[in-house]
Amino acid sequence: CPNGYAGLFLSEDGRQYQAIYGNEEEAMNGRCELQAVVASLRYLTVPCEVSVISDSQYVVNGINLWVKQWAANGWKKMDRKPVANLDLWMELLQQMQVHQVHATWVKGHQNGVCPGNELVDYLASSASAMPTEFERLWD
C-alpha cells in the first residue's frame, strides 16, 4: 500500500480481535510495514509477549536479527550506511524493552492461507485512501 498500514491483535484463543490501521503521508512500503508493528505496540498497556506475524522480511529480520545490532553500531548498517526509518526502529527497540517481541515471516497474498494477513492487507489498502495522518483502533 502506498501509505496505509494495519496491525491485528488476536486473543489467545484466536476468537476475538482488534485492529489498528492508519496511514502516513508519502510513506513507502517498508516504512508502512514497520509502522504497523510500532503503532500496534503503542496500544499495549501492560508488558506482554508479542508474536508479530508479517509478510515483510524487512520487519521480521529487523526485529529478530538487526535492530539490536544497529543500535550497538550507532544506528549504522553493516555497510556503515545509516539505518532507514530510524525513528520507527528506535521506538520499536524501546517497545522491545517493555514487551517480549518475536517475529515470524509468512508468505503474503496466498488466498485463505493466513486470513489475518489478508485482513490487514485489506485494512491497509483502505487506510491509504483516508485523510493523511489517520490512525484508528477498530474492534
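The values are calculated or read from the model by the stated rules, or taken from the named source; none is laboratory data. Only a predicted model underlies this, so the values are computations on that prediction, with no experimental measurement involved. Please note: Cβ atoms are built from the backbone with ideal geometry, for glycine as well, and neighbour counts cover all protein chains shown. The accessibility values were calculated without ligands, DNA or RNA, using every heavy atom of the protein model including side chains. Shrake-Rupley method; radii C 1.70, N 1.55, O 1.52, S 1.80 Å.
Of the set (1) exposed (fewer than 15 other Cβ atoms within 10 Å of the Cβ); (2) modelled with pLDDT of 80 or more, all apply to Val101 but (1). Look at Ala27 and say whether it is in contact (Cβ under 8 Å) with a residue 40 or more places away in the chain and not aromatic (Phe, Trp, Tyr). The answer is no for Ala27.
Of note, Tyr58 satisfies the criterion of being at pLDDT 95 or above, under 24 Å from Ser126 (Cβ atoms) and among the aromatic types (Phe, Trp, Tyr).
Within the set of pairs 6+ apart or on separate chains, which have a first residue in the stretch 83-103 that is within 19 Å of Thr45 (Cα to Cα), a second that is open to solvent by less than 60 Å² (accessible area, probe 1.4 Å) and not in a helix (DSSP H, G or I), and C-beta atoms under 6 Å apart? Correct list of pairs: His99/Cys48; His99/Val50; Val101/Val50. Take Gln18 and decide whether it is open to solvent by 20 Å² or more (accessible area, probe 1.4 Å) and in a helix (DSSP H, G or I). No, not satisfied. Screening the stretch 37-81 for residues that are assigned to a strand (DSSP E or B) and of a type outside the set (A, V, I, L, M, F, W, C) and picking the one that is nearest to the chain's Cα centre (by Cα) gives Ser54.
Looking only at residues in the stretch 82-98 that are farther than 10 Å from Val38 by Cβ and assigned to a loop (DSSP other than H, G, I, E, B), the one that is most open to solvent (accessible area, probe 1.4 Å) is Ala84.
For the stretch 32-81, the candidate set comprises residues that are touching a helix residue (DSSP H, G or I) at 6+ places or on another chain (Cβ under 8 Å) and of a type in the set (Phe, Trp, Tyr); within that set, the residue that is least open to solvent (accessible area, probe 1.4 Å) is Trp70. For the stretch 21-31, the candidate set comprises residues that are surrounded by 18 or more Cβ atoms within 10 Å (Cβ to Cβ) and not polar (S, T, N, Q); within that set, the residue that is nearest to Leu88 (Cα to Cα) is Arg31.
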